[in-house]
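Note sheet for the following structure.
Bear in mind that the values in this text are calculations on the coordinates, not laboratory data. No experiment lies behind these values; they were computed from the predicted model shown. Glycine gets a Cβ as well: all are built from the backbone with ideal geometry, and neighbour counts include every protein chain shown.
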Amino acid sequence: MPREAAILPFGALMLAASVSSWAQTPPAPVQGGTLGTITVTEQAETQGKDQVQTKKTNIGKGTQEIRDIPQSINVITEKLIDDVKLDTLKDALHYSAGITFAATENGTDQDIRLRGFPVATVGDLLIDGMRDPSQYDRDTFNLERIEVLRGSASMIFGRGSTGGVINQVSKKPLLADQTDVEATAGSRGYYRTTADFNVRTGETSALRINAMWNKADNGGAKIDKYGIAPSYSWGVGTANEFTVGLFHLNVDNVPLSAVRWVATGRQGVTGYSASGVPTIGSLGTLAPVKPGSFYGTTADKVLGKATYGSASWLHRFDDGGELRTQVRSGTFDRNQWSTAAGASTTFGAPTTVANFSDYTMLTRSGLTPRKDEYKGTYLQSDYSKELNWGGMKHQLLAGVDASKEEASRYQNDAFFNNSFRGRALGSRANTFVGTPNDGAGLSGTFVEPVYRDSSAYSAKSMGVYLQDLVQVAPDWKILGGLRYDRLSGDFDQYNYTNPACVRPTPAPRGYTQTANCTDRRERYSAGSPLPTVATTHLSQGAWSYRAGVLYQPSTTQSYHLSYSTSFNSSADTYQYVSPQTAGTPPEKSRNIELGTKLDWLDGRLSTRAAIFRTEKTNERTTDSDFANSSYLLSGKRHSQGLELDVVGRLSSQWEVYFSYSYIPTATIDKVGSTATPGTVGSRVGLTPKHSGAAWISYQATPKFRVAGGVRGASENRPLQGGSGAASLANSTPGYVVGDMMLEYKFTPDLYAQLNVNNVTNKLYGDQLYPGFAIAGAKRTVLFTVGARF
Amino acid sequence: MLLHIREVLSPDEVRQAREILGQAPWEDGRLTAGEQSAKAKNNEQLREDCEETRAVQQLLLRGLERHQVFFSAALPKQISPPLFNRYGGASNSFGNHVDSAVRFLRDGSGRVRTDISCTLFLAEPDEYDGGELVIEDTFGVQRVKLPAGDMVLYPGTSVHRVLPVTRGFRTASYFWIQSMVRSDEQRRLLFEMDNHLRHLRSQYGETDAGVIGLTSTYHNLLRMWLDI
């Protein structure tokens, strides 16, 4: 073939420059100018959008092989996010076992629990390895993958992480030109568009812009949000690699509605009297409404804004060491006011599941209005290096990090929003079960809350750590790590002497004058009374440890036994800081785990299994949900169980993702004297015994792919009081929800995708609170057209 | 992998080389043989440090340098200086032997692990009878007798011998290569992939997505296996 003769093999192109070292005889210069440079662009490592399996992670700060991390780890890649249409972080986490969601009094959907321990409210949500503790509704449009590391890891991340951490890995610029655009339309007025542009701007530089716009009527609930995240990298692959990025997300949603528990009609033990005698009462369950029923009002809202900038610098030393320095700074605003609806009587009789019908009247009440603003700046520097010491191979990881976090939180201004001033908060009219989404607004004279300061803080923390993974023998590695954290901050509580006498004196006919109205005069003039501010200073330090043994007899097997600790300072949620709590030492937790990570089918399929025991000692038996009743007690609890993951390809046609968690034991072992009797020995709330998800995809023909999945959990109970124990009175039954997808590729780059989520239109309790539950979304049909070029 | 590499030297260069070697001071090959192979070795060879050797080495290295297939197949990291031998007359054979694992370069400038053995033929096959290079390896027993200027590459691990020359003289150059890819099997896969890629590039051009993807795979395999 004549053309072939002119084409040089790559081996030749690559090597011709290096001949002078062959022999002592100096060679003649290379003849003929036939040698060119290799112009082909290297493909980046397999992207998250290409497969559900991943073998490397950044969750240990540096980039590591998952097999070298002696803890359970579960990764949700962009492929799974795209396949199942997991638009929000919460949606995505439904595909990771062992995770549950608490609805809080304010209905926020970001109170995530892992192995029964809080995640979000203690700052265990991360973005690129740095804390993301603010409360906002997170979207997945800029995520390459979500990494769930289970078990204590304060040695890496600082305070928190009793149950584990959840790391959101942002999309980064790639040295390639690629564009992905997608448009989705679906049931209930659902429209979503995402665009992912990546442009290579130079030999080592690239720009990436991700954007999202999403709108849906959602049967009364509403989605209305957009986001944009540009980032630019230069020096990629060179000694100094830089990335700068911006992120902005704006959410103006109406949340799914909360419905109060409904009596099952059965009686049972709902609690214990002060003397420990069981109290028998009515058992409650999820209200049997039609899935997707909305009983809120047009005034319900959850507004959120997240804006941050980030920068990172990776320096590669000549000796193979790497120093990665990252900074992120941003502001986060949230404002929420929504409804809980419930029925106590139906036609005069107590409401039960049996008489619950379309004609059951629901009374609606507004949840506590909530507004807050957070600011956070995070800086960290991590150094990793492989080296030989004393004849053994070491993988060293060391770093420092620091953060500054500030917040202002607001509450309803009870002075200003007062009925006697003619400015009462609007109230919510009753409705019927059979008329969801009735379009009702607020009634009353002054409908929206006016806010005043409630609490504020400004806190700084820093940590320093060192970890070494030593290859002590051909198949054996030993891991040891140590970290010290220091946290200090000032916490302000605003106290108002609420107007007890805003009624004119003498009292008009029909009103009773209160005792505070002396001198026959109103005590307050217009405007809010000024608060008194109580400031508490907190300063704490703590050590964390991690140790593990890894046995890796081959490249496809890794077995580990590990021990790690974590701590929660009194201020981990910044909720508990008072003079009383500031002097309280941190909670301590530890995690013991025995596990294995095995690769099959030439590495295409990975299985990971572990049995674990997580213990929290010295526990505050309060919970972030119950800040008002917080007491610091010396408590203890533990959970133990098994986790199993299978990810990868069984063949070129079959791709599987499976995540399962079995937690037979999750027990409150010890509580303080003020806890509810019967708490000791009872199960921890929001910790179902079984939970998990599976997604299986089958490439039926080169163009046609079909996929389906299930996710679910066994019986789940909300928390009860401040103890962390499960509510005895209320529970949601176990559930399994099915999702499915059909994909047709017109060309390799142009595709259509049909998703049906919650195929059977299953009603299931998704977010649980002592007073109510928020059911999961109803059946949703989504049709997507996407192009990649 | 046993590989026949054509026209490392042009006919003109072969002639030049032969002219120089014809006047060179040949000596008994057993002087440089190891203890074991001395018993099998019965040939003549040239000293490493003589003028003639250096001259032909230059010629030969230049030929190797421009030979793209050689590069692709051997992925050389180090080449030991080519040596020369002659079979004929009373010194006419070399029995079964394995090459030493390491060649120490004469001037102490380094060592070469003998991943690949090379024989470059300098006499035409019809000039002599017998003298085939017989290589026993996983690919079976191979008899090699190539035109002048052509070269054979074979794994350094294989047992080989040179059959007795019964007529004329067989002159050849022999040397070793330490490859950047130590494994013969991996090297063979890379070479085959490179060849197929060359074909695809000629058919579909350099910018075809498939070509780019496979090229990337080729380089990633290199990265995985390369020892530089």
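Numbers for the structure displayed
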item	result
Calculated FRET efficiency for the pair A:GLU386/A:THR307, C-beta based, R₀ 41 Å, to 0.05	0.60
Ranked packing of A:695-703, A:136-144, A:457-465, B:81-89, most packed first, by mean Cβ within 10 Å	A:136-144, B:81-89, A:457-465, A:695-703
For the range A:208-363, average projected area of the Cα convex hull in nm²	16.5
Per-residue mean of C-beta atoms belonging to partner chains within 10 Å, peptide B:191-201	4
Nonlocal amide H pairs with A:PHE294, under 5 Å, H built at 1.01 Å	A:ASN437
Residue order, fewest to most surrounding Cβ atoms within 10 angstrom, among A:LYS55, A:LYS290, A:LYS222	A:LYS290, A:LYS55, A:LYS222
Point-to-point label distance, A:LYS762-A:VAL400, nm (Cα→Cβ direction, 7 Å offset)	5.1
Rg/Rg_globular for the range A:339-446, with Rg_globular taken as 2.2 N^0.38 Å and Rg from C-alpha atoms	2.13
Translational diffusion coefficient (Stokes-Einstein; Kirkwood radius from C-alpha pairs) of the protein assembly as shown at 10 °C, 1.306 mPa s, in µm²/s	48
Built amide H within the under 5 Å cut-off of A:LYS56, gap 5+	A:ILE66
Dipole of the range B:60-165 [Lys/Arg +1, Asp/Glu -1 at C-beta], most positive-end residue of B:PHE121, B:GLY149, B:GLN68	B:GLN68
Distance from the range A:320-362 to the range A:157-184 (C-alpha centre basis), Å	26
Within the protein assembly as shown, helix-based [θ] at 222 nm, where runs of 4 or more DSSP H residues each add -39,500 (n - 2.57), nearest 500	-3000 deg cm²/dmol
Debye-sum result for the range A:159-208 in log10 I(q)/I(0), which assumes one identical scatterer on each alpha carbon, at q = 0.19, 0.20, 0.31, 0.32 Å⁻¹	-0.75, -0.76, -1.11, -1.13
Projected label distance in nm at A:VAL781 and A:ALA414, using a 7 Å step from Cα toward the beta-carbon	5.1
Evaluated at q = 0.19 Å⁻¹: base-10 log I(q)/I(0), Debye formula over Cα of the range A:681-750	-0.76
The protein assembly as shown, dipole about Cα centre (Lys/Arg Cβ +1, Asp/Glu Cβ -1), debye to the nearest 20	3340
Rg to Rh, two decimals, where the range A:722-789 supplies the alpha carbon set and Rh follows Kirkwood	1.24
Test item: Cα-centred dipole of chain B, Lys/Arg +1 and Asp/Glu -1 on Cβ, debye	360
Globularity ratio of the range A:90-222, using Cα Rg and 2.2 N^0.38 Å	1.22
Translational diffusion of the range B:65-116, µm² s⁻¹ [Kirkwood Rh, Cα pairs; Stokes-Einstein; 4 °C; 1.567 mPa s]	95
Amide H contacts under 5 Å for A:ILE127, placed H, 5+ residues apart	A:ASP132, A:GLN168
Chain B: DSSP helices with Cα axial extent of at least 20 Å and average Kyte-Doolittle hydropathy no lower than -1.0	B:51-65, B:209-225
Out-of-range pairs (alpha-carbon distance over 21 Å; input A:LYS225/A:LYS745; A:LYS79/A:LYS172; A:LYS90/A:LYS636; A:LYS477/B:LYS77; A:LYS90/A:LYS225)	A:LYS225/A:LYS745; A:LYS90/A:LYS636; A:LYS477/B:LYS77
For the range B:180-228, the Rg and Dmax computed from alpha carbons only, in angstrom	11.4, 32
4 °C / 1.567 mPa s Stokes-Einstein diffusion coefficient of the range B:11-145, Kirkwood radius on C-alpha pairs, µm²/s	79
Whole-Å distance, taken between Cα centres, linking the range A:732-758 and the range A:264-297	35
Coil-residue chymotrypsin sites (Phe, Trp or Tyr not before Pro) of the range A:356-449, DSSP, other Cβ within 10 Å capped at 12	A:TYR359
Range of Cα positions in the range A:282-321 per principal axis (Å), largest first	68, 30, 19
Mean shadow area of the range A:125-193, taken as a quarter of the surface of its Cα convex hull (nm²)	6.9
B:ASP137-A:PHE317 FRET efficiency (beta carbon distance; Förster radius 60 Å; 0.05 resolution)	0.85
Spin-label pair A:SER344/B:LEU189, simplified geometry with 7 Å Cα→Cβ offset, distance in nm	7.3
Distant alpha-carbon pairs in the range A:640-789 (separation over 19 angstrom), percent	64
Cα point-scatterer Debye curve for chain B, base-10 log of I(q)/I(0) at q = 0.10, 0.11, 0.17 Å⁻¹	-0.47, -0.57, -1.26
